[in-house]
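Here's the structure we're looking at; comments come further down.
The values are calculated or read from the model by the stated rules, or taken from the named source; none is laboratory data. Just so you know, these numbers come straight off a predicted model, no measurement behind them. Heads up, the Cβs are rebuilt from the backbone with ideal geometry, glycines too, and the neighbour counts pull from every protein chain shown.
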Amino acid sequence: MLAFLGLMQSCVIARAMGIKSGQNVDMNQEVLGQSLSNLGGSFLSCFPSCGSFNRSASNIESGARTPLVGVVSAIVLGALIFLATPIVAELPIAVMAGVLFLVGAGLIKMEDIGKLIRIHGESRIIFVLCLVATVYGGLDKGVILGIIASIVAYLRSVSRPEIDLFFGEDAEQYAPANLTGSTTVLQVSGSVFFGSVQVLERALTDLAKSDGREGNLVIDAEHLHSLDISRGRDFAPGGGAPPGQGIRIGVLAAGSQPG
C-alpha cells in the first residue's frame, strides 16, 4: 500500500513539476523507474521510495533542471550530518515546518482554482470531490476518487456523440453527387459503441417521426473516432432499421469523397 501511495504521489508531482518547468514528462517512464527501484529495494530491506512535493518544488525554485540535483542534495545532506549535526539539532521544528509550508504553498495556483470553480460541468465537481477527499481522507483517497470520477466523466462524455442534421443546400456538400431527390445528412462525431448507440437510435427515430419526408438519408461517419463491430452492422446497408418508409440510407465513411 505504501508503494502504491508513493507511486500516485510521484505521478502527481511529476505532472505538476512538468507543467511548472515546461518539460515533457513521460509518465510510463516514471512508473517503470519507481517500480524497479522499489522492487530492487525490497530485497535489500529498503523503505519504499517516491518523489517529494517539497523537495521537487524547492529544486525547481532553485533553478534545478537535471537529475544531478538529487546527487548534489545527497552530498550536501551527508556533509551536514557529519559536519554540522550540533547546529542542525538546534533548529526549531517550527522553523523547518514553516519552510516546508512556504515551499508547498507555492504549488497552489489560486488562478487555476478560480477557473475550475467558474466552470459549469464535471471539472468543478471533480475538483471539489478531490479537495474534500484529500483534506479529510488523505492523498491516497483523493487521488483514487479523482481517477474514478474522471473515468466516469469521460465515459459520460463519449456516450453522447455529437449529431448534426443538414437539409437542402446545406446537405449538398456532404451528399454524393449521384444521388437524386431530396437528401438529409446526419453527421455523427465522436464514438459509437454499445454505450452511445441509444443516442444515435433516438436521433433516427426523432427524424422519422418529426420529418416525414421521403428521399435519401446520408449518415456522415467521417468524424467518428471509433466504431465497434456490434454497432458497425447498423451502419451497413440493410443492417439497421430504416427510420421511415421511402427513405434510402447511405453511409459516408472516412476517406470517401461526397462527389
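Contact annotation: residue pairs with Cβ atoms under 9 Å, 6 or more positions apart or on different chains, pairing a residue in segment 155-175 that is farther than 10 Å from LEU186 by Cβ with a partner that is aliphatic (A, V, I, L, M) and modelled with pLDDT under 70, are ALA175/LEU252. Cβ-Cβ distances below 6 Å connect no pair with a first residue in segment 24-37 that is in contact (Cβ under 8 Å) with a residue 12 or more places away in the chain and outside any loop (DSSP other than H, G, I, E, B), a second residue that is hydroxyl-bearing (Ser, Thr, Tyr) and loosely packed, with under 11 Cβ neighbours inside 10 Å, and a separation of six or more residues or different chains. Regarding LEU5, is this residue surrounded by 13 or more Cβ atoms within 10 Å (Cβ to Cβ) and either in contact with a Ser or Thr (Cβ under 9 Å, 6 or more places away or on another chain) or in a helix (DSSP H, G or I) (or both)? It is true that LEU5 is surrounded by 13 or more Cβ atoms within 10 Å (Cβ to Cβ) and either in contact with a Ser or Thr (Cβ under 9 Å, 6 or more places away or on another chain) or in a helix (DSSP H, G or I) (or both). The residues on offer are ASN54, ASN59, and the sole one that is surrounded by 12 or more Cβ atoms within 10 Å (Cβ to Cβ), modelled with pLDDT under 75 and polar (S, T, N, Q) is ASN54. For segment 42-86, a tally of residues being within 30 Å of the chain's Cα centre (by Cα) and in contact (Cβ under 8 Å) with a residue 12 or more places away in the chain returns 15.
Taking the condition assigned to a loop (DSSP other than H, G, I, E, B) and surrounded by 16 or more Cβ atoms within 10 Å (Cβ to Cβ), does ALA16 pass? So ALA16 does not fit the description; no.
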